[in-house]
């Protein structure tokens with residue numbers, strides 16, 4: 001056992017609950033959506049959409065007249081997760097999911113400010129993976145330099161006792177069989193068939209319930225993917241910052257079995273030893289990275305003039321190193337609300353074994369043909 | 001074996017020699033930062049663990065310095081483009097070890113400067129090495145320019161190309177053991193981190209320095225994947241994720257290796273610098289660092305020591321030994337010489353990175369321009385806008 005295994009107890013819970021409603025101390029990674037930061041983020045999640053790479057594209061193809069950022073760019077400002085609230089030292093924290101609502105487009109060079117509060121702590125008697133568990137909810141509001149709300153996100157973390165995770169080993173039985181030739185072909189074909197709608201407007205009128213969005217492939221997950229994502233999105237605990245942090249929060253550290261050096265628990269996303277210690281057979285992805293992948297599939301489909309209004313995703317199972325992922329979606333509802341032309345889409349991230357690792361729903365605003373000039377209306381900022 | 005094993009052939013060398021002098025620029029180079037924004041500079045500083053130098057971070061503070069605003073640290077130009085011999089390409093399947101940097105800095109890079117880089121291979125030299133029989137050293141030059149087309153810095157970077165098979169046969173590093181740290185050492189490391197000293201606003205005058213002076217040392221490590229992540233946050237690793245990786249590996253199959261545990265095709269870079277199972281493919285039992293990262297630590301010793309009024313003019317660093325996961329590096333330095341040249345008051349320093357085995361893994365020498373009590377500061381140390389007024 002590498003990591004500290006503390007029990008969920010009532011004092012810890014009371015202490016955690018006392019943080020409800022106060023502004024949490026957070027560390028932003030990006031403070032502005034510079035052209036570079038947008039391109040770096042898109043590269044980190046493996047999204048080749050020219051909108052996020054070429055400032056000229058946004059200038060000529062959209063009403064915004066500038067490069068804009070993918071909606072999920074806000075993960076690089078701060079990841080909205082229940083873990084922002086801390087608490088319960090020595091009890092593991094799994095990223096549980098996010099519920100997003102976006103109000104404004106993020107334009108190049110916008111400054112972004114985030115505020116986070118713990119909103120709720122809910123005890124769960126029994127979870128399949130870990131017995132007793134606690135879910136903590138954090139709400140994050142993102143504002144820009146005009147003090148406009150750009151987006152709101154609710155994130156939750158599932159806190160489980162590590163001993164129980166090891167014992168139950170829910171994921172330990174996952175077989176990691178090497179890929180078959182067909183599977184590799186399917187991954188590569190999906191990459192090749194990726195369809196970026198771009199400047200071709202997808203009109204609301206042309207969409208039907210049951211339409212499928214072109215799937216996006218990710219992986220097979222490797223160290224390079226995790227590093228690409230962290231290098232563009234997350235503050236990294238290293239050097240003196242790591243030593244200082246672990247001195248203050250010893251329960252967040254473990255000694256690496258190979259060199260005895262101190263590592264932070266977040267290394268479960270890169271270090272097999274750490275992952276095995278919490279009952280997962282190999283290092284696994286960041287759940288929020290996966291939500292970005294789903295965002296990639298949606299922005300591909302909706303095109304430059306579409307607007308992702310809402311996205312809800314639950315992270316149900318880890319994506320292990322070596323897993324391939326397909327992000328898919330299907331239109332479930334088409335409706336008008338006020339002057340908005342909306343579609344709801346059932347989304348999911350499925351691994352190459354056919355297991356659904358993250359289901360969710362999205363709401364996308366499209367352009368309606370009814371209005372003269374082809375655009376339903378302009379969305380002024 | 002996990003990694004591809006290409007051979008160094010006469011044809012391969014001849015082909016590579018053809019590339020000498022040709023310029024690589026524009027979109028052809030993978031550029032991480034184009035504009036040195038405040039956050040780009042801060043991310044780069046984080047990437048080497050330089051947390052306390054306010055000249056690179058705090059606008060209000062930087063206004064009080066002679067630069068008049070935040071400047072980018074010298075080696076942060078590596079976040080625009082990283083000069084190694086590797087970019088010259090050629091010799092597929094032959095490993096490339098970045099082996100050194102030789103920098104010359106001419107003008108400050110101010111916050112929000114737009115920096116471009118041109119790259120050209122300048123020399124190719126054959127050598128027989130202890131590590132891997134026939135080897136080739138490729139030297140390349142990078143020239144960094146700002147939005148006014150002023151050359152701000154030049155860098156020669158070189159890489160050693162060695163056959164992976166030969167490296168495995170010779171097995172020079174077969175005996176490398178992972179260092180085990182104990183509690184006492186852990187405590188010592190923590191203390192060293194706490195003791196880091198940044199000269200900052202306290203001007204260090206040339207007159208007050210003498211040969212033999214020791215520079216305050218820095219500690220880095222024990223090396224872990226977290227330090228690698230940090231460094232990649234500074235210089236970028238975006239081009240290697242998901243679909244980008246697939247298309248890169250289709251163009252250059254020899255950049256890839258198949259992870260035996262997962263079956264995934266990965267890039268050699270993310271392998272040898274993070275996963276023992278990949279570095280074993282080139283006869284190094286433990287994953288190792290990127291030399292340019294160590295070089296940047298070396299530069300931090302100098303910038304910490306010289307203060308806001310100093311100017312790092314040149315830095316030459318060779319990466320002689322691997323820094324493997326678990327290793328601790330002390331970056332130490334001392335003043336070797338003082339001189340006045342072309343009106344500049346110069347201090348030559350010897351800096352080196354030393355591991356817990358007492359081995360010098362990266363020797364370096366740097367020259368710092370310090371202010372003199374008897375002379376005006378050099379023009380480049382004044383904000384160019386002020387200079388125009």
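The values are calculated or read from the model by the stated rules, or taken from the named source; none is laboratory data. Quick caveat, the model's predicted, so the values are computed rather than measured. Neighbour counts are summed over all protein chains in view; Cβ atoms, including those assigned to glycine, are modelled from backbone coordinates with ideal geometry.
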Within the range B:32-71, the residues that are out of contact with any helix residue (DSSP H, G or I) (no Cβ under 6 Å at 6 or more places or on another chain), closer than 19 Å to residue B:218 by Cα and within 8 Å of chain A (Cβ to nearest Cβ) are B:46, B:51
- Task: State whether one or more residues within the range A:50-73 are at pLDDT 95 or above, touching a strand residue (DSSP E or B) at 6+ places or on another chain (Cβ under 8 Å), on the phi > 0 side of the Ramachandran plot and not in a helix (DSSP H, G or I).
- Result: no
query = Is it the case that the range B:295-302 has a residue that's farther than 17 Å from residue B:223 by Cβ, buried (at least 22 other Cβ atoms within 10 Å of the Cβ), touching a residue at least 40 places away in the same chain (Cβ under 8 Å) and out of contact with any helix residue (DSSP H, G or I) (no Cβ under 9 Å at 6 or more places or on another chain)?
reply = yes
Exactly one of B:94, B:80 is within 14 Å of another protein chain (Cβ to nearest Cβ) and within 28 Å of residue B:160 (Cα to Cα), and that one is B:80
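Kindly evaluate residue B:235 against the criterion of being in contact with a strand residue (DSSP E or B) (Cβ under 9 Å, 6 or more places away or on another chain) and within 12 Å of chain A (Cβ to nearest Cβ).
Judged against the criteria, residue B:235 is not a match.
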Residue B:187 vs. criteria within 14 Å of another protein chain (Cβ to nearest Cβ) and surrounded by fewer than 17 Cβ atoms within 10 Å (Cβ to Cβ): yes
Note: among A:336, A:317, A:353, just one is within 14 Å of the chain's Cα centre (by Cα) and at pLDDT below 95, namely A:317
Restricting attention to the range B:191-217, the residues that are touching a strand residue (DSSP E or B) at 6+ places or on another chain (Cβ under 6 Å), exposed (fewer than 13 other Cβ atoms within 10 Å of the Cβ) and in a loop (DSSP other than H, G, I, E, B) number exactly 2
- For the range A:169-176, state whether one or more residues are in a strand (DSSP E or B) and either more than 13 Å from every other protein chain (Cβ to nearest Cβ) or closer than 30 Å to residue A:76 by Cα (or both). no
Here the residues within the range A:357-381 that are buried (at least 17 other Cβ atoms within 10 Å of the Cβ) and either over 29 Å from residue A:291 (Cβ atoms) or modelled with pLDDT under 70 (or both) are A:376
Taking the range A:28-38 and keeping only residues that are at the interface with chain B (Cβ under 8 Å from one of its Cβ atoms) and over 16 Å from residue B:44 (Cβ atoms), one is left with A:35
Restricted to the range A:45-82 and to residues being closer than 22 Å to residue A:195 by Cβ and within 12 Å of the chain's Cα centre (by Cα), the residue nearest to the other protein chains (Cβ to nearest Cβ) is A:45
Residues that are assigned to a strand (DSSP E or B) and over 24 Å from the mean Cα position of the chain (by Cα): does the range B:129-144 have at least one?
yes
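Between B:227, B:309, B:289, which is in contact (Cβ under 8 Å) with a residue 60 or more places away in the chain and over 30 Å from residue B:356 (Cβ atoms)?
Criteria check complete, one pass: B:309.
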Exercise for review: Would you confirm whether any residue within the range B:154-165 is within 14 Å of chain A (Cβ to nearest Cβ) and out of contact with any strand residue (DSSP E or B) (no Cβ under 7 Å at 6 or more places or on another chain)?
Suggested key: no
Within the range A:199-220, the count of residues that are more than 14 Å from every other protein chain (Cβ to nearest Cβ) and on the phi < 0 side of the Ramachandran plot comes to 14
Within the range B:269-280, of all residues that are assigned to a helix (DSSP H, G or I) and crowded, with 22+ Cβ neighbours inside 10 Å, the one nearest to the other protein chains (Cβ to nearest Cβ) is B:270
The lone condition residue B:154 fails out of (1) under 22 Å from residue B:9 (Cα atoms); (2) assigned to a strand (DSSP E or B) is (1)
When the range B:195-221 is checked residue by residue, the ones that are at pLDDT 95 or above and facing another protein chain (nearest Cβ under 8 Å) are B:220
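Using the structure shown, decide if residue A:196 is under 27 Å from residue A:74 (Cβ atoms), outside any loop (DSSP other than H, G, I, E, B), modelled with pLDDT of 95 or more and more than 7 Å from chain B (Cβ to nearest Cβ).
Considered against the rule, which asks whether it is under 27 Å from residue A:74 (Cβ atoms), outside any loop (DSSP other than H, G, I, E, B), modelled with pLDDT of 95 or more and more than 7 Å from chain B (Cβ to nearest Cβ), residue A:196 comes out as no.
If the requirement is being in contact with a helix residue (DSSP H, G or I) (Cβ under 7 Å, 6 or more places away or on another chain) and at pLDDT 95 or above, which of these qualifies: B:132, B:140?
B:140
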Exactly one of A:129, A:116, A:85 is in contact with a strand residue (DSSP E or B) (Cβ under 7 Å, 6 or more places away or on another chain), modelled with pLDDT under 95 and crowded, with 17+ Cβ neighbours inside 10 Å, and that residue is A:129
* Is one or more of the residues making up the range B:174-183 closer than 23 Å to residue B:103 by Cβ, at the interface with chain A (Cβ under 7 Å from one of its Cβ atoms) and at pLDDT 90 or above? -> no
Some residue of the range B:8-27 being closer than 30 Å to residue B:226 by Cβ and part of a loop (DSSP other than H, G, I, E, B): no
Flag for residue B:266 being facing chain A (nearest Cβ under 8 Å), modelled with pLDDT of 85 or more, in a loop (DSSP other than H, G, I, E, B) and touching a strand residue (DSSP E or B) at 6+ places or on another chain (Cβ under 9 Å):
no
Within the range B:84-113, residues in a loop (DSSP other than H, G, I, E, B), at pLDDT below 95 and touching a strand residue (DSSP E or B) at 6+ places or on another chain (Cβ under 7 Å) come out as B:84, B:91, B:94
